[in-house]
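Shown next, in structure tokens, is the structure this report addresses.
The values are calculated or read from the model by the stated rules, or taken from the named source; none is laboratory data. These numbers come from a predicted model, not from an experiment. When we count neighbours, we look across all protein chains shown, and the Cβ atoms used for this are built from the backbone with ideal geometry, even at glycine. Only protein heavy atoms, including side chains, enter the accessible area calculation; ligands, DNA and RNA are left aside. Shrake-Rupley method; radii C 1.70, N 1.55, O 1.52, S 1.80 Å.
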Amino acid sequence: MFEGASSPRPHYPACPEPQLAIGTTKHSDPGFLTILLQSQLVSALQVFYKDSWLDIQPVQGALVINIGDLLQLVSNGKYRSNEHRVIANPIGPRISVACFFSRPFGNTSRSYGPIQELITQENPAIYKVIVIEDYLMKFLNSGLDSYRALDYYRVTKMVIEMDKASELKLNYIWSVLSFTSKFMYEIIKTLCVNSLT
Ligand SMILES: O=C(O)CCC(=O)C(=O)O
Ligand SMILES: [Fe+2]
């Protein structure tokens, strides 16, 4: 086994009423890569692709490779992690063997960021550097949210683009406001002066 690899065996009991159960919720794997030997028994793994769920049919002797969030981060978004889920099934138990390639265990102060060689002026870093400890906390706390831990590390640039019509409208509102406030100021001044004299 490589450093940073773990190999749990997800075990899914048969579900008598799958229509009432969730199975595993939609998620992307937090590490770099996951190599999966799917149970041949039943098709239960689904990948979210172009707004719909696709069944990943088990193929005899084939391994499924899932790209994880950390690979998306270090490749500066060139490789995209996939969102997947496992649906509940009346046939089972289903046992698959997953090998997660994540990060060296025990060293939670380790940091990762987009690979320097991939960063140019045309392709600036779209992710900040993460510290594993902080990232894992965000991952564990994200629960059923659709906002992923990785999303917290996006470099966001607020670009406010305004079309000509909105700009004209804004200028108009601004001039009306400043005229009104000048007008109001003059009225208040006159009232004050009058009341004092
Ligand atoms: O059991 C499977 O087919 C997928 C398991 C999985 O997505 C996971 O353990 O992260
Ligand atoms: Fe997964």
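Brief remarks follow.
- Set side by side, the residues 114, 30 differ, and just one is in contact (Cβ under 8 Å) with a residue 24 or more places away in the chain and either out of contact with any helix residue (DSSP H, G or I) (no Cβ under 7 Å at 6 or more places or on another chain) or near ligand 1 (Cβ under 10 Å from one of its atoms) (or both), which is 30.
- Answer residue from segment 1-23, given it is open to solvent by 40 Å² or more (accessible area, probe 1.4 Å) and near ligand 1 (Cβ under 10 Å from one of its atoms) and is modelled with the lowest pLDDT among those: 9
- Reported count of residues in segment 62-80, each being within 11 Å of ligand 1 (Cβ to nearest atom) and open to solvent by less than 20 Å² (accessible area, probe 1.4 Å), is 2.
- Taking (1) more than 10 Å from ligand 1 (Cβ to nearest atom); (2) under 23 Å from residue 147 (Cα atoms) in turn, residue 55 satisfies each apart from (2).
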